[in-house]
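No value in this document is a laboratory result; all are computed from the given coordinates. None of the values given here were measured: they were computed from a predicted structure. Glycine gets a Cβ as well: all are built from the backbone with ideal geometry, and neighbour counts include every protein chain shown.
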Amino acid sequence: MLPAPTVPPSLLAVLAKLKGCFTTPTFQTFAVLVVGAIAQTGRRTVTGMLTAAGLQQCWPHDRAHSFFSRAAWDADLLGIVCSHVIACLLVPEGQPLVAAVDDTLFKRSGKKVFGAAWQHDGAAKTPRGTGRGTCFVVLGLIVHLPFLARPVCLPVMARLWRPKGEKTKVELAAAMIRTLSACHHRRRIDIVADAAYHGRPLRGLPEHVTLTTRLPKNAVLYGLAPPRTGRRGRPRIKGERLGTPADLAETLVFRPFAVTRYQRTDAVHIAERRCLWFGSLHTQTVRVVIVADTIPGRPLLVLVTTDLTSTAAELVARYASRWSIEVTFAEAREHLGAGQAENRTRRAVERTVPFALYCYTITVVWYTLHGHHPDDTAERRRTAPWYITKSEPAFTDMTAKLRRVIIAARFSANNPAQPTDDEIRAVHHAWAAASANSP
């Protein structure tokens, strides 16, 4: 029988909430790879995860590879279960779920890597802004943790997009949003996205789902449909043409607001109007929110939303929280090695990146529930005194603490063949009771 892995009890308590997504042997492999992905400080290849878990000489490496390429588990289902854990433990009851959707490129080389192609790379450092790799559309829940001033985006779903595939990025995002809304049908869900995510696939979202995105400069807006006249013929489904966002801004009245975003409070001027974005969302009533620094002035930010109840300041702050998904992408790449696995087959490629992103979610959940201590930041400043402005733990601090817990569990775990102290005391009590009752 293969030796069992050593998983810290606190981490195992978090992973146990996801156990229903796997069979018993597959869950054991999943736990090993999660430990390896977090404990590994080198490249997070599949064998690198197995090595960091300390089982490279005990388990065949094919067991780790087959977890991604052949094992019976569903990445979307695992992400949905993660979303329920987040909603139950990190989001206060009664508050809506805020989710961000975006796409990112994970660079890959090799001609036989499924889905790899030359495409746009928002994080590229070259003037062309392109890279070769696999692109994933990611949906994450944005949460506010008690020990952080900034919001954190925790990935709960990710799907591979191919440039010549059957579905567009917006269609993949719409499918994930509908899946998330069906699994959280009792809670309101507020989606935030950048200007690339709009169009026909996002029409007709469930009633408890709102969408807030940045309005393109060339969008054409129309007034609401006028009331029916009672005459014969087809009634009008849109009002007068309002023009582009720049045209609309010239006709609106701006009012001062205080908006809290990016960990600061800004004094801005906001104007808004209800109208139709007919070319994208058809006849659904939307609100256009225009944010400017001065009056008159060029609009700095133009938002369109299907949320008709929240205040304009709340919408601007909600959209600003979208940046947390970009931070998640950078930290998942740098500190968890997302995209470094070198597998090539379709199922392996489609599941390895979501697995790495879920490890990010698991790490933050573990730290929130079991790892955080008020003295963590002070200890970090003591060991690195140049961080004079550091006031809260970063994701690197979370992973470092979890790694220490993993190492401590590996070297201080009890030998299964040896009795524990409680077991020894229980035997002694049993002997004493048997001696007292004996004739």
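Using 0.36 nm per residue and subtracting the Cα-Cα separation, the extra length available between residue 255 and residue 84 on full extension is 57.6 nm. Among the listed options [x] 1.06; [y] 1.03; [z] 0.98, the one matching Rg/Rh (Cα atoms, Kirkwood Rh) as calculated from these coordinates is [x]. State the percent of C-alpha pairs, over all pairs in region 205-320, separated by a distance greater than 25 angstrom. Counting pairs separated by more than 25 Å, the tail of P(r) holds 25 percent.
Label-to-label distance for residue 378 and residue 41 is 2.7 nm, based on points extended 7 Å past Cα in the beta-carbon direction.
With K and R counted +1 and D and E -1, the other residues having a Cβ less than 10 Å from that of residue 329 yield a net charge of -4. Each other residue within a Cβ distance under 9 Å of residue 133 adds +1 if Lys or Arg and -1 if Asp or Glu, for a net charge of +2.
In this simple spin-label approximation, residue 262 and residue 112 carry label points 7 Å from Cα along the Cα→Cβ vector, and these lie 4.7 nm apart. Less than 5 angstrom separates the built amide H of residue 188 from those of 97, all sequence-distant by 5 or more or on a different chain. Length gain on complete extension for the stretch residue 283 to residue 314, per 0.36 nm per residue less the alpha carbon to alpha carbon distance? Full extension of this stretch gives 8.7 nm more.
One quarter of the surface of the convex hull around the alpha-carbon atoms of region 1-155 equals 11.9 nm², the direction-averaged projected area.
Sequence-ordered 3J(HN,Hα) estimates for region 97-107 from the Karplus curve with 6.51, -1.76 and 1.60 and θ = phi - 60° stand at 8, 9, 10, 10, 10, 6, 10, 8, 9, 10, 5 Hz, glycine and proline given as x.
Full extension of the chain between residue 246 and residue 228 gives 3.5 nm of extra length, using 0.36 nm per residue less the Cα-Cα distance. For region 247-256, putting each phi into the Karplus relation 6.51 cos²θ - 1.76 cosθ + 1.60 with θ = phi - 60° gives couplings of 5, 5, 4, 6, 9, 9, 9, 8, 10, x Hz, in residue order, rounded to whole numbers and with x for Gly and Pro. Here region 136-166 is scanned for amide nitrogen atoms under 16 Å from the site 7 Å beyond the Cα of residue 391 along Cα-to-Cβ, giving 145-151.
Just to verify a number: FRET efficiency for residue 130 and residue 220, C-beta to C-beta distance, R0 = 25 Å, to 0.05? Step by step, r from the Cβ atoms, then E = 0.25. Label reach from residue 208 (point 7 Å along Cα→C-beta): in region 96-115, amide nitrogens under 20 Å belong to 96-101.
Specify the residue with the greatest mean-square fluctuation among 387, 262, 367, computed from a Gaussian network of the chain linking alpha-carbon atoms under 10 Å apart. Maximum fluctuation in the GNM of the chain, among the listed residues, is at 387.
Just the C-alpha atoms of region 117-252: what Rg/Rh do they give, with Rh taken as the Kirkwood radius? Looking at region 117-252, the ratio lands at 1.05.
3J(HN,Hα) along region 196-207: 6, 9, 7, x, 4, x, 8, 6, x, 5, x, 4 Hz, from the Karplus curve 6.51 cos²θ - 1.76 cosθ + 1.60 with θ = phi - 60°, whole Hz, x for Gly and Pro.
Between 151, 206, 354, the residue with the greatest mean-square fluctuation in the GNM of the chain (Cα pairs under 10 Å linked by springs) is 206.
Working from label points 7 Å from Cα in the Cα-to-Cβ sense, the residue 74 to residue 344 distance is 3.0 nm.
Within the chain, the longest segment free of exposed loop sites, counting GluC sites (Glu not before Pro) that fall outside DSSP classes H, G, I, E and B and have at most 14 other Cβ atoms within 10 Å, spans 251-439.
Shown for the chain are the DSSP H helices of 15 Å or more along their axis, judged by Cα atoms, with a mean Kyte-Doolittle hydropathy of at least -1.0: 24-39, 75-89, 169-183, 323-336, 346-366, 395-412, 421-437.
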